[in-house]
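Working notes, structure below.
The values are calculated or read from the model by the stated rules, or taken from the named source; none is laboratory data. Everything numeric here is computed off the predicted structure, so don't read it as measured data. Note that we place each Cβ from the backbone using ideal geometry, even for glycine, and neighbour counts take in every protein chain shown. Note: accessible area is taken over every heavy atom of the protein model, side chains too, but ligands, DNA and RNA are not part of it. Shrake-Rupley method; radii C 1.70, N 1.55, O 1.52, S 1.80 Å.
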Amino acid sequence: MYVKPEFRGKGIARSLICEALSLARSVPELKQVNLCANARNLTAIKLYESLGFKAFGHEPGSMLINGELQDEIHMYLRLADG
Ligand SMILES: CC(C)(COP(=O)(O)OP(=O)(O)OC[C@H]1O[C@@H](n2cnc3c(N)ncnc32)[C@H](O)[C@@H]1OP(=O)(O)O)[C@@H](O)C(=O)NCCC(=O)NCCS
């Protein structure tokens with residue numbers, strides 16, 4: 001998910017992920033949604049947590065960005081029981 005800097009803080013990311021989750025919930029066979037976020041990206045992580053996502057893993061050095069290893073947080077959201 002990416003929102004151009006000039007459009008940030010207007011609820012676009014929240015709308016995007018809510019729409020994606022609404023689509024996911026319309027598929028009965030879909031039980032869970034997983035995602036990952038850069039561990040430094042607290043804005044994104046808080047947004048996902050506010051929608052019910054829970055962290056289940058911290059992957060050290062998941063990405064090499066400009067020669068620097070960066071960690072990722074893995075998260076899941078259970079859509080239905082079972
Ligand atoms: C993370 C990102 C997608 C958020 O997009 P956005 O459209 O600005 O987000 P929204 O306006 O929907 O805001 C979502 C929540 O984050 C909060 N938020 C947004 N920008 C923030 C900031 N700079 N600092 C703190 N909180 C912030 C908002 O208050 C909102 O919370 P609320 O709904 O409880 O009020 C955007 O900053 C981005 O594209 N970043 C670069 C790419 C990236 O990091 N993608 C995520 C990869 S996992």
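Here are some notes:
- Accessible-area rank, largest first, for M1, M63: M1, M63, with all protein chains present and a 1.4 angstrom probe.
- Rounded accessible area of E6 (nearest 10 Å², 1.4 Å probe): 110 Å²
- Residue among A13, A44, A55 with the largest mean-square fluctuation in a Gaussian network model of the chain, springs linking Cα atoms under 10 Å: A13
- Radius of gyration over Kirkwood radius for the stretch 5-78, both on Cα atoms: the Rg/Rh ratio is 1.02.
- Here K54 is the anchor, and the lysines within straight C-alpha reach of less than 17 Å, apart from those fewer than 8 places off in the same chain, are K31, K46.
- GNM result for the chain, Cα springs below 10 Å: residue of I12, I45, I65 fluctuating most strongly: I65
- Per DSSP, loop chymotrypsin sites (Phe, Trp or Tyr not before Pro) in the chain with at most 11 further Cβ within 10 Å: Y2
- For the chain, the solvent-accessible area of protein heavy atoms averages 72 Å² per residue (probe radius 1.4 Å; ligands and nucleic acids excluded).
- For the stretch 16-31, putting each phi into the Karplus relation 6.51 cos²θ - 1.76 cosθ + 1.60 with θ = phi - 60° gives couplings of 4, 6, 4, 5, 4, 5, 5, 5, 4, 5, 7, 9, x, 6, 7, 9 Hz, in residue order, rounded to whole numbers and with x for Gly and Pro.
- Expressed as a whole percent, the accessible area of the chain that falls on carbon and sulfur atoms is 56 (1.4 Å probe).
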